[in-house]
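In what follows, a single structure is set out as structure tokens and then discussed.
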Amino acid sequence: MTNQAPSLTCPLCSCPQFQQEEARSDSRWGFTSHRMTLLVCQNCRYVLHFYDKNSIFDFD
Ligand SMILES: [Zn+2]
């Protein structure tokens, strides 16, 4: 195990730079306790969706 961040690249343009955005789930969706993390490719604006960033990445 290392503390290195996993190498994530955009599936469309292979850009490694992402803008991280957080979105809280709307209550009408039925899972209000979840936060959704969006990673937006800074090159082509492709958006990756993650429902639990802590299980995938170690940002912040
Ligand atoms: Zn991209």
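The values are calculated or read from the model by the stated rules, or taken from the named source; none is laboratory data. Quick caveat, the model's predicted, so the values are computed rather than measured.
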Residue count for region 31-51, restricted to those that are modelled with pLDDT of 75 or more and over 14 Å from the mean Cα position of the chain (by Cα): 2
With criteria (1) at pLDDT below 80; (2) in a loop (DSSP other than H, G, I, E, B), N54 comes up short on (2)
Would you confirm whether any residue within region 17-30 is at pLDDT below 95 and on the phi > 0 side of the Ramachandran plot? yes
